[in-house]
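*Asks:* Below you'll find the structure I mean.
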Amino acid sequence: MLQLVIGNKNYSSWSMRPWVLMRHFGIAFDEIKLRFDFTPGSAYYRELARYTPAGRVPVLLIDGFAVWDTLAIVEALADTHPRLALWPRDAMQRARARSLAAEMHAAFSALRDLCPMNIEAELLQVGARLFGAEVALQRDLARIDSLWTEQLAASGGPFLFGEYGAVDAYYAPVAARVRGYALPVSASARGYVERLWASPGVAAWVADAMAERDFLDFEEPYRQRPA
């Protein structure tokens, strides 16, 4: 039995990655959603401590055995579902896909910090202001754009390595930021964002996020709580 422990879908970019991947490939799992509350000793942390000592979501439970960190989770899923092409079948392409996922895992700190994922919000003016003022954000977007464009050209699309895979799930939260903040990208990258947004797992996550209606002040640097 598989269970996936996640945070709020509107905000939790890390949780989004394995959830949309599993949903896209039809990997059955039970969802355990914990409402974010980063206050020390909160119910969120007490509940999360039942599943992982790392204190972060997501966590994959395989018959109760905990796997945390999104890279480890995806590899565990690939090991337990070898018939599914979560990674490309070709060894060199698989290595390249893992390189792209690892880069997303470790880099793009300006994009993460300045444009936190917020699926429900429209932050077009905020995005324009940030992009105009923040050189580090411009650099992150330029790298992402070239990464996507080069890989789409190499594979022929529609996703980064042809068919949808784990690396596309990794970039789903970036697509959320590009759309929500109206960040400027090339036509090729924009087309990829829209295809990713329409893919079954991402579309299901977005629908759930839009239905949450759970405004968390500490996740909202650019908006005030609605009256």
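Read-outs throughout are calculated quantities, based only on the coordinates presented, and are distinct from any laboratory measurement. Every value quoted in this text rests on a predicted model; they were computed, and no experiment measured them. Here Cβ is always computed from backbone atoms with ideal geometry, including for glycine, and neighbour counts include all displayed protein chains.
*Asks:* For region 157-205, state the average projected area of the convex hull of the C-alpha atoms over all orientations, rounded to one decimal in nm².
*Replies:* Its average projected convex-hull area is 3.1 nm².
*Asks:* Moving on. Given 5 Å bins starting at zero, what is the percent of C-alpha pairs of region 1-137 in each, up to the one with the largest pair distance?
*Replies:* Whole-percent P(r) values from 0 Å outward: 2, 9, 16, 19, 18, 16, 11, 7, 3, 0.
*Asks:* Quick one: check the C-alpha center-to-center distance for region 1-78 versus region 149-213, whole angstrom.
*Replies:* Result: 21 Å between the Cα centres.
*Asks:* Another question, if that's okay. What nm value, rounded to one decimal, do you get for the distance between PHE38 and ARG223 when each label is placed 7 Å out toward the C-beta?
*Replies:* The modelled label-to-label distance comes out at 1.8 nm.
*Asks:* State, to one decimal in nm, how far the label point of ALA133 lies from the label point of ASP69, with both points 7 Å from Cα in the Cβ direction.
*Replies:* 3.5
*Asks:* Using only Cα atoms, what is the ratio of the radius of gyration of region 68-158 to 2.2 N^0.38 Å?
*Replies:* 1.32
*Asks:* Same structure again: Report, in deg cm²/dmol and to the nearest 500, the calculated mean residue ellipticity at 222 nm for the chain, where each DSSP H run with n ≥ 4 adds -39500 (n - 2.57) and the sum is divided by the residue count.
*Replies:* Mean residue ellipticity at 222 nm (helix-derived): -17000 deg cm²/dmol.
*Asks:* What's the magnitude of the charge dipole for the chain around its Cα centre, counting Lys and Arg as +1 and Asp and Glu as -1 at the beta-carbon? Answer in Debye, nearest 20.
*Replies:* 160
*Asks:* Residues with beta-carbon under 11 Å from that of ALA169, excluding ALA169: net charge, scoring Lys, Arg +1 and Asp, Glu -1?
*Replies:* Within the 11 Å Cβ shell, the charges total +1.
*Asks:* What FRET efficiency would be calculated for the residue pair ALA153, ALA106, taking the C-beta separation as r and a Förster radius of 30 Å, to the nearest 0.05?
*Replies:* In this case the efficiency is close to 0.80.
*Asks:* Taking the convex hull of the Cα atoms, report for region 91-207 its projected area averaged over all directions, in nm².
*Replies:* Value for region 91-207: 6.7 nm².
*Asks:* Let me ask you something else. Taking region 1-59, which trypsin sites (Lys or Arg not before Pro) meet the DSSP loop condition and have no more than 12 other C-beta atoms within 10 Å?
*Replies:* When the trypsin sites (Lys or Arg not before Pro) of region 1-59 are filtered for loop state and at most 12 Cβ neighbours within 10 Å, ARG50 remain.
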